[in-house]
């Protein structure tokens, strides 16, 4: 059977028979549903899709997907994904991680898969807390956050996942929110279609240990003031009736009201395909409450993937040197022969 | 030249000679030793080598910390070790002399680069006076050669070269001189020079240095003798020299090739690749969490530990066998892993293939314990024909009917190696406790017990797939010397010598450390006493006591250096003398 004759898969085809064990009301349910809804759009047969995760609430994700999957160890999903992708570049490989898994132990592994530009899709669920271990602060917890492990408030500067990704030379960087289901679905689709490492941060609500961490972006009234939807080629507008925008003042973005001599042509125009990552970086630095928070695709740049570069090297080596020959390899040293009759000949 | 040449020197036939080249880290002693070894191997001698160098790439010149040595034992018969005490010591500076003199046999030949014996260098080597003049060396056969001066003169017209570049070739002068003494041809090294140095002036400089060393031996009257060591009677075949690290690498590539697979790690093993990783102790410690994941995922791979002195960063370039218990027990939970230990450099090739065979057979990670001594030392290797090597059979299921990710094969208890990309076999694996057959997450008491016992039994059953424990010497007697890993040569030779002295002693070398061969206990119980020499504080002895409840005499050594034959032979004599009535 060729792929063309395959019946189109549905969301149901991607639901495994395992009981989902996240807390009722967890943002993870929505991300799972959007993933299961989006995958049929890709036209990739189930057996060619693999989900790899590390440790944490989000990392239970692979168990619930009717695809191949591996629930590995803390922070190491990018490493496992790299090995798998090299063993079989045909596979569509997804890494599911969280702010704890991906940015604490996994910080090192994350930056290296990004700089290599493996053709793998990474989805980082950011709820700013360690949920599975019951509420300790994470690498993205806001400064001063009081948690079980920071009773007087955190004193360490949080990491901004998208800034980290850009600094690690990520070629696709995007952000969405668990409850923005249509937007999330579109972003996941874009991530899947990108050749190279796709890094998607999803703001996800932990309703047990950090409820409302993203309320300023999910509450219908508040989000009107605080959410900025990035669109390629369009000026940065937000606010009720798109009445506000972002203008550059030197290297600093500033919020402006449209009208009174300020028009859309004065605003910063989003270009996700710029080879230089500085503009995208600037967007990642826009944080609440000083700025509206952008969601959407920050950067999308097609460059050589690691597996293509490797395949290319192997091909060239084969062309230039021919297929490896074990006997030749064994004999690639100074040799001597001992004959039957008189020892050394 | 011909006219001034002194009378032809007489050749003295030797059965074997042990030479140690020693100098500063930057003096090229590893290269010199390797060249001498290659030339001797090609000449047909049996060889065994021991490189011994500091972890610092270039410690301060002239200091004891910077001394780098390379010992080679060459013989006309089988040799199993680089030898205990060198017969010849080449010392390029006072520090090299100070660090090695105690090892040189009395009356041994001492070749010294007298140019380096300046006050500054003597002080760095902590000499009070000048050993060339104060009688320190009176019991040795000292050959004083102003190597730097002579070498400089030989290269005088190569004006393109800096003083530093000229000085850097002096090791080849020393090499040429030893080639003359031991009647070795120059061609192997000359060929190497022409391949190695793209710059024709550098190539010419090294060539000249080498020939100048030879000619110095030929034209001076420094020597009373030249020596010859006839080729050894090795089994017929084509040979090359191989170090343990080279043999392991060749073995890994061969295994991957024989199975038609590329090499990578856990993710790659999930994808169906032949996975392997190699490190020394601290690196393995770092990887142990991932190794335990591989164990519970039941994916095949080979994990190589080239052991060194520890704990922590320890002695990066010095040998030890102190990771055995880490390999056995150094993971959380009940987590048995098969452990193999090659015993000679060429055995590393064999055991790399064995490791893959067992890993694939039982779907498990397999440890291979090498060590710094085994990894860096070399011996002749009879090259196999690739077509004669056993294939490694790899099966990836495709049949949907009855597929379960953890359905075990009856004989081996291996689970199926179903790989992503196979239609209909989609499944999830992970580090959590799991139910038998499905592999679904389960914390049920009976499921946990079943998975723990199945994994243990799976490893235990590998004993059905390995050879019986062989014994060297009588099948019962007063003493059995038990070793593992790189101590093979010293133990075998010491036992040989003790047997020749009429003692009732045998040896056995354990290459399969987990599981042990079925007959091992029977072998151990056939002797009155058991001696276990190992380069740790008694780790195998601990295992044998615990496993078999036997009384074991442990012989630990943690000096960052291998056992000498003499040490083990002496211990054998001591133990057997204790048992005898006065």
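Throughout, read-outs are computed from the coordinates displayed, never taken from laboratory work. Given the structure is predicted, the values throughout are model-derived calculations rather than measurements. All Cβ positions, even for glycine, are placed from backbone atoms using ideal geometry, and neighbour counts span all protein chains on display.
Per residue of A:80-93, what is the mean number of Cβ atoms on other protein chains within 10 angstrom of that residue's Cβ?
Details: counts 10, 2, 4, 10, 12, 4, 8, 17, 10, 1, 3, 4, 1, 3.
If you average over the peptide's residues, the count of other-chain Cβ atoms is 6.
How far, in degrees from 0 to 90, does helix A:77-87 lean away from the longest principal axis of the Cα atoms of chain A, to the nearest 10?
Tilt relative to chain A: about 40 degrees.
Rounded to the nearest 0.05, what FRET efficiency is calculated for residue B:437 and residue B:196 with R0 set to 56 Å and r the Cβ-Cβ distance? List each step's numbers first, then the result.
Details: r = 59 Å, r/R0 = 1.05.
Computed FRET efficiency for residue B:437 and residue B:196 comes out at 0.45.
For the stretch A:91-121 and the stretch B:161-230, what is the separation of their Cα centres, given in Å?
54
From the helices alone, meaning DSSP H stretches of at least four residues, give me the mean residue ellipticity at 222 nm for the protein assembly as shown, per-run term -39500 (n - 2.57), in deg cm²/dmol to the nearest 500. Provide the component values of the computation, followed by the final result.
Values: 30 runs with 305 residues, N = 927.
Calculated mean residue ellipticity at 222 nm is -9500 deg cm²/dmol.
Enumerate the residues in the stretch B:349-369 having an amide nitrogen under 20 Å from the point lying 7 Å beyond the Cα of residue A:332 toward its Cβ.
Within reach of a label on residue A:332: B:349-350, B:352-353.
Please list B:317-323, B:182-188 highest first by mean number of surrounding beta-carbon atoms within 10 Å per residue. Each step should come with its number before you reach the end.
Numbers: B:317-323: 23.6, B:182-188: 16.9.
Top of the packing list down: B:317-323, B:182-188.
Please sort B:251-257, B:340-346 by packing, taking for each peptide the average over its residues of neighbouring beta carbons within 10 angstrom, highest first.
On the way: B:251-257: 22.0, B:340-346: 27.1.
So the peptides B:251-257, B:340-346, ranked by packing, come out B:340-346, B:251-257.
Note the full-extension length gain between residue B:315 and residue B:120 as 0.36 nm times their separation in residues minus their Cα-Cα distance, in nm to one decimal. Mind showing how you got there, number by number?
Working: separation 195, 0.36 × 195 = 70.20 nm, distance 2.84 nm.
Extending this stretch completely gives an extra 67.4 nm.
Return the inverse of the average 1/r over all pairs of distinct C-alpha atoms in chain B, which is the Kirkwood hydrodynamic radius, in Å to one decimal. Provide the component values of the computation, followed by the final result.
Numbers: mean 1/r = 0.0381 Å⁻¹.
When all Cα pairs of chain B are included, the Kirkwood radius is 26.2 Å.
Could you give the alpha-carbon Rg of the protein assembly as shown over 2.2 N^0.38 Å, rounded to two decimals? Could the numbers behind the result be given before it?
Numbers: Rg = 33.8 Å, N = 927, 2.2 N^0.38 = 29.5 Å.
For the protein assembly as shown, the normalised Cα radius of gyration comes out at 1.14.
Order the peptides A:120-132, A:156-168, A:230-242, B:290-302 from the highest to the lowest mean number of other Cβ atoms within 10 Å of their residues. Mind showing how you got there, number by number?
Details: A:120-132: 26.7, A:156-168: 19.0, A:230-242: 14.8, B:290-302: 23.5.
Put in order of decreasing packing, that is A:120-132, B:290-302, A:156-168, A:230-242.
Need one value for B:236-247: mean number of C-beta atoms belonging to other chains within 10 Å of its residues' C-beta atoms.
On the way: counts 7, 5, 6, 7, 7, 4, 2, 0, 0, 0, 1, 0.
If you average over the peptide's residues, the count of other-chain Cβ atoms is 3.
With label points built 7 Å along Cα→Cβ from the Cα atoms of residue A:231 and residue A:309, find their separation and express it in nm.
3.6
Out of all DSSP beta bridges with both ends in chain B, state the antiparallel percent to the nearest 5.
Details: 28 of 75 bridges.
So the antiparallel bridges in chain B amount to around 35 percent.
Calculate, axis by axis, the spread of Cα positions in the stretch B:487-582 along the three principal axes, and write the results as whole Å, longest axis first.
Principal axes ranked by extent give 37, 33, 20 Å for the Cα atoms.
Just check the stretch A:275-325 against the gyration tensor rule for me: Cα atoms, a ≥ b ≥ c as the square roots of the eigenvalues, rounded for a/c under 1.5, and otherwise prolate or oblate depending on whether a/b exceeds b/c. Could the numbers behind the result be given before it?
Values: a/c = 6.02, a/b = 5.08, b/c = 1.19.
Cα axes put the stretch A:275-325 in the prolate bin.
As I understand it, the value is the acute angle between the Cα axis of helix A:306-321 and the longest principal axis of the Cα atoms of chain A; what does it come to in degrees, rounded to 10?
Approximately 20 degrees, to the nearest ten.
Once you put a point 7 Å from the Cα of residue B:157 and another 7 Å from the Cα of residue A:20, both along the Cβ direction, what distance in nm separates them?
8.7
Assuming R0 = 56 Å, what is the FRET efficiency of residue B:475 and residue A:316, from their Cβ-Cβ distance, to the nearest 0.05?
Numbers: r = 58 Å, r/R0 = 1.03.
With a Förster radius of 56 Å, E is 0.45.
Of A:329, A:143, A:188, which has the largest mean-square fluctuation in a 10 Å C-alpha GNM of chain A?
With Cα springs under 10 Å in chain A, the top fluctuation among A:329, A:143, A:188 is at A:329.
Count, for each residue of B:415-427, the Cβ atoms from other chains sitting within 10 Å of its Cβ, then give me the mean as a whole number. Can you show the working numbers first?
Working: counts 0, 0, 0, 2, 6, 15, 10, 3, 6, 2, 2, 13, 6.
Average per residue, whole number: 5.
Compute from the Cα atoms of the stretch B:239-388 the Rg and the Dmax, the latter being the longest Cα-Cα distance, and quote both in angstrom.
So, for the stretch B:239-388, Rg and Dmax equal 14.8, 46 Å respectively.
List A:284, B:159, A:154, B:487 from most exposed to least, where exposure is judged by having the fewest other Cβ atoms within 10 Å. List each step's numbers first, then the result.
Values: A:284 23, B:159 7, A:154 17, B:487 30.
Fewest to most other Cβ atoms nearby, the residues stand as B:159, A:154, A:284, B:487.
Restricting to the protein assembly as shown, what percent of DSSP beta bridges are antiparallel, rounded to 5?
Antiparallel bridges: around 40 percent, rounded to the nearest 5.
Nearest 5 percent is fine: what portion of the DSSP beta bridges confined to the stretch B:10-229 is antiparallel?
Percentage antiparallel, nearest 5: 45.
Order these by the 10 Å Cβ neighbour count, fewest first: B:367, B:180. Intermediate results must be reported in sequence, preceding the final value.
On the way: B:367 23, B:180 20.
In increasing order of surrounding Cβ atoms, one gets B:180, B:367.
Would you mind checking the tilt of helix B:29-42 against the longest principal axis of the Cα atoms of chain B, expressed as 0 to 90 degrees and rounded to 10?
For helix B:29-42, the angle is close to 80 degrees.
Take the Cα of residue B:130, step 7 Å along the line toward its Cβ, and report every residue of the stretch B:72-112 whose backbone nitrogen sits under 18 Å from that point.
B:91-98, B:111-112
FRET efficiency for residue B:187 and residue A:325, Cβ-Cβ distance as r, R0 = 22 Å, nearest 0.05? Each step should come with its number before you reach the end.
Values: r = 26 Å, r/R0 = 1.19.
In this case the efficiency is close to 0.25.
What translational diffusion coefficient, to the nearest whole µm²/s, does chain A have by Stokes-Einstein, given a Kirkwood radius computed over alpha-carbon pairs, a temperature of 25 °C and 0.890 mPa s viscosity?
Values: Rh = 22.1 Å.
Estimated diffusion coefficient is 111 µm²/s.
Compactness ratio of the stretch B:107-253: Cα Rg over 2.2 N^0.38 Å, N = residue count?
On the way: Rg = 18.7 Å, N = 147, 2.2 N^0.38 = 14.7 Å.
So the stretch B:107-253 has a normalised radius of gyration of 1.27.
Rank these for me by crowding, B:324, A:184, going from fewest to most other beta carbons within 10 Å.
Numbers: B:324 24, A:184 27.
Listed from fewest to most nearby Cβ atoms, that is B:324, A:184.
Quickly work out the residue B:238-to-residue A:252 label distance, labels modelled 7 Å from Cα along the C-beta direction, and quote it in nm with one decimal.
The answer from the label model is 7.5 nm.
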